[in-house]
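Engineer: Sharing a structure below in structure tokens format, with a few things to ask.
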Amino acid sequence: MNNNQPLLVIWWPKALDQARAEEEGRMIRLRYEVLARSGDKLHGGEEALNKLPKDLPCLVLVNPTEVGLFAVVPPKLTGNKLKEALPFLVEPYLLNEPEENHVSLWPNLPKHLGGAKLAAVLGKTRARSIVSSCAQQGLKLAGLSCETLRERTGNEGAAWLSGQDFILVDGIDTPLLTPTAQAAVLKVMLQRRLQQAGAPVIELNNTDYTWLSSQVDGAMGENKIRANTRAPIEPLPRLLNKSLLSADELRKMGMRPMANQAGLRKLLTPALALMAVAVLGLNVLALKIESANAAIETQIAESYAQALPNTPMVADPLLLIEREKRNLNAGLDTSNAQGASALLHEVGLAMELAPFNSMVDFAWAENTLSVRFNANISEDQQGAALQKLKARRLDAKWLIGAQSNLPVLQVKKGAAR
């Protein structure tokens, strides 16, 4: 992707509006702008989806009411471990299952008193619907983000009008989003933000400041809100670096990765030469890393065995320990040799050939253990597990989850059928 090429920015409508248009057999209309990479607007307006430019990289902004934003203190994990833990970190705020969401973490709260970061949550079903529509119309989707992820560019807070919404970011708490049509709500929410300890001055551009003054007269606060030539907020093209979906996730949904093919050809020859030299160094480094990782994994396994001696480590150990704590707090008999812990141990032994981290979660009810796995469990692995469990005189069967369509293994004490 050419970093000097103009960017097409689309404000995607709500799911309800999109569904209504599809039911009525009409193409959805979207607000759009073509921006220079500096953020300067070249032109824009409203247009049908199939009439938008197909030759420009496209940044889709999901409707902010469909993106959950939460202040969370992340665990001390990195890489894939952190990525796997994030959905369960925001689980208390969700109505659906954690694994049914894309969750990303951003450093948008530098002045949060608890040192929290901003977690953004987008449902996978909604993400697939948007990406599918873009692919059908041939748009060059470069990223899927949300306008509420924009950051201020200085120590002041920033606020701006976007369509039918008023948005405010202050670096202390999650962004404030209020419909412009609800002046009374806006006035109350604005007063609360201005009265927060350490709340910075909020700056708007002159036009938005004039509008806000007319809507919330008396709630502006003494020297707390002021006009400026521009609101101190980063330009929209920067949201390409705050995508709600990674490049790999977009590829899995059928979007081709954006690339500057001419630049790629120029770099190919020296890259191949460097690759040959780098492989030798990487082999040496890999041996050192493998040794270090083995020592870490051994230490983790020993600590886990001390914490949960009767539960095999068939998933991420931190998540298993956390779920065990929840079950204990709920009064479930997970330590009884005849209870969930013993059955989970048997499942772990039966599924020893399953991919690591293939277990999603488990539930214990009416003396029956239900263990849900990822879709990467093959039929052969399922059959082998049933044979092992029945050999242990356990009643076991495979089901398909009603909501997630993932394989579920149910096990209970009793003679095998």
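Engineer: Between MET27 and LYS14, what is the label-point separation in nm under the 7 Å Cα-to-beta-carbon projection?
Structural biologist: 2.5
Engineer: Round to a whole number: what % of the accessible area of the stretch 80-122 belongs to carbon and sulfur, probe 1.4 Å? Intermediate results must be reported in sequence, preceding the final value.
Structural biologist: Values: 1230 of 2100 Å².
Roughly 59 percent, rounded to a whole number.
Engineer: Per residue and in cubic angstrom, what volume does the convex hull of the Cα atoms of the stretch 162-224 have? Before the final figure, lay out each step's value.
Structural biologist: Working: hull volume 5.3 nm³, N = 63.
Normalising the Cα hull of the stretch 162-224 by residue number yields 84 Å³.
Engineer: Using a 1.4 Å probe on the protein chains only, how many percent of the accessible area of the stretch 138-189 belongs to carbon and sulfur? Don't skip to the end; give the middle numbers.
Structural biologist: Values: 860 of 1740 Å².
Of all accessible area on the stretch 138-189, carbon and sulfur atoms account for 50 percent.
Engineer: Next up: Using alpha carbons only, how many angstrom separate the centre of the stretch 365-379 from the centre of the stretch 150-229?
Structural biologist: 49
Engineer: So which GluC sites (Glu not before Pro) in the stretch 1-76 pass both tests, a DSSP loop state and at most 15 other Cβ atoms within 10 Å of the Cβ? Provide the component values of the computation, followed by the final result.
Structural biologist: Details: sites: GLU22, GLU23, GLU24, GLU33, GLU46, GLU47, GLU66; in loops: GLU24.
Those satisfying the criteria are GLU24.
Engineer: Can you list the residues, at least 5 places off or on another chain, whose amide H is less than 5 Å from the amide H of LYS397, using H built in the peptide plane?
Structural biologist: GLN410
Engineer: Cα extents of the stretch 89-195 along the three principal axes, largest first, in whole Å?
Structural biologist: 46, 31, 29
Engineer: While we're looking at this one, here's another question. Under 12 Å between alpha carbons, and skipping anything fewer than 8 positions from LYS413 in its own chain: which aspartates and glutamates qualify?
Structural biologist: Answer for LYS413, where 12 Å is the Cα cut-off: GLU346, GLU366, ASP395, listed by chain and number.
Engineer: Would you mind computing, in nm to one decimal, how far apart the modelled labels at LYS124 and ALA197 are, each placed 7 Å from Cα along Cα→Cβ?
Structural biologist: Going from the LYS124 label point to the ALA197 one covers 4.1 nm.
Engineer: Ignoring ligands, DNA and RNA, what accessible area per residue does the stretch 47-172 give at 1.4 Å, in Å²? Mind showing how you got there, number by number?
Structural biologist: Details: 5160 Å² over 126 residues.
I get 41 Å² per residue for this part.
Engineer: At 7 Å along the Cα-to-beta-carbon direction for both TRP211 and TRP398, put a label point, then send me their distance in nm to one decimal.
Structural biologist: 5.6
Engineer: Something else: Let me test this: with uniform point scatterers at the alpha carbons of the stretch 3-97, what is the Debye-based log₁₀ I(q)/I(0) at q = 0.12, 0.14 1/Å?
Structural biologist: -0.62, -0.77
Engineer: Can you list residues whose amide H is under 5 Å from ALA231's amide H, if they're 5+ apart or on another chain and H is modeled 1.01 Å from N?
Structural biologist: Residues meeting the criterion, in which the H sits 1.01 Å from N, are ASN205.
The values are calculated or read from the model by the stated rules, or taken from the named source; none is laboratory data. As the structure is a prediction and not an experimental result, all values here were calculated from the model. Ideal geometry is used to build each Cβ from the backbone, glycine not excepted, and the neighbour counts take in all protein chains shown. Calculation scope for accessible area: heavy atoms of the full protein, side chains included, ligands and nucleic acids excluded. Shrake-Rupley method; radii C 1.70, N 1.55, O 1.52, S 1.80 Å.
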